[in-house]
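Have a look at the structure below before the remarks.
Nothing in this text is a laboratory measurement; each read-out follows from the coordinates by a stated rule. In this text, all values refer to a predicted model and were calculated from it rather than measured experimentally. Glycine also receives a Cβ, built like all others from the backbone with ideal geometry; neighbour counts cover every protein chain displayed.
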Amino acid sequence: MLSKELTQALNEQVGHELSAHNHYLAVAVYFAKRSLDGWADFFFRQAEEERGHAMKIVRFLLDNDVAPYIPEAKEARPQYADAAAAVESAVKAEQTVTAQFEAIMAIAQKENDYRALPLLQWFLNEQIEEEATASKLLDIVKSGINLFQAQDYLPAPHAAGEAEAGAEA
Ligand SMILES: [Fe+2]
Ligand SMILES: [Fe+2]
């Protein structure tokens, strides 16, 4: 049985993932509005992946006899000074989420919760990939390359993570 503290932390993380979904939708809209459809597609897909993360935690809680509440997701507006600022917001957001998972992992570790630890390790691995991908995107934008041409160099969509995100924990 999951502890109260761990249950609460995981349930809050559902909200952070839903907020990440909104955030990426806003970044996608920023690019779509400028006809940068390759960039937009990348972030629309990323948004879907964040929703998948929220669902993965919801399913895990259900499987562990918890009926999670659905937290309010933060509003996100596609207002960025430029493309670099939009992508930088993604890098920062991923770093924040990594820290959130590390904090939840510390709770699970302290409680010797062998149910939650594999799930949390999966998320941490996912975060390492997502941080790396977001940093690559930022390097591309900062290189000064034309953003339309840069669409040929966008990192491959995160297909493996997406498939796994929909799977049972
Ligand atoms: Fe996520
Ligand atoms: Fe993410």
Legend entry - Positive dipole terminus of the chain, leading residue within Q121, G144, F43 (C-beta point charges): G144
Legend entry - Eligible lysines near K142 by straight Cα distance, threshold 23 Å, same-chain separation 8 or greater: K33, K92
Inset, instruction - Give me the angle, in degrees from 0 to 90, between the Cα long axis of helix 37-63 and the longest principal axis of the Cα atoms of the chain, rounded to the nearest 10. - result: 0 degrees
Legend entry - Using a Förster distance of 30 Å, the FRET efficiency for N125-D41 (Cβ separation, nearest 0.05): 0.80
Inset, instruction - Please give the calculated 222 nm ellipticity per residue for the chain, where each DSSP H segment of at least 4 residues contributes -39500 (n - 2.57) and the sum is spread over every residue; nearest 500 deg cm²/dmol? - result: -25000 deg cm²/dmol
Legend entry - Angle between the chain longest axis and helix 83-110 axis [Cα atoms, degrees, rounded to 10]: 10 degrees
Inset, instruction - Compute the acute angle (0 to 90°) between the alpha-carbon long axis of helix 4-32 and the principal axis of greatest extent of the alpha-carbon atoms of the chain; round to the nearest 10°. - result: 10 degrees
Legend entry - Neighbourhood net charge (12 Å Cβ-Cβ; Lys/Arg +1, Asp/Glu -1) for I107: -3
Inset, instruction - Please state the charge dipole magnitude for segment 9-82, taken about the Cα centre, from unit charges on C-beta atoms (+1 on K and R, -1 on D and E), reported in debye and rounded to the nearest 20. - result: 220 debye
Inset, instruction - Binning at 10 Å from 0, report for segment 4-163 what percent of all alpha-carbon pair distances ends up in each bin. - result: 11, 40, 31, 14, 4, 0
Legend entry - Extension gain (nm, one decimal) between A81 and D139, 0.36 nm per residue minus Cα-Cα: 19.2 nm
Legend entry - Total charge dipole magnitude, segment 4-163, about the Cα centre, Cβ charges on Lys, Arg, Asp, Glu only, Debye to nearest 20: 260 debye
Legend entry - Environment charge of L154, counting only residues whose C-beta is closer than 13 Å and scoring Lys/Arg +1, Asp/Glu -1: -2
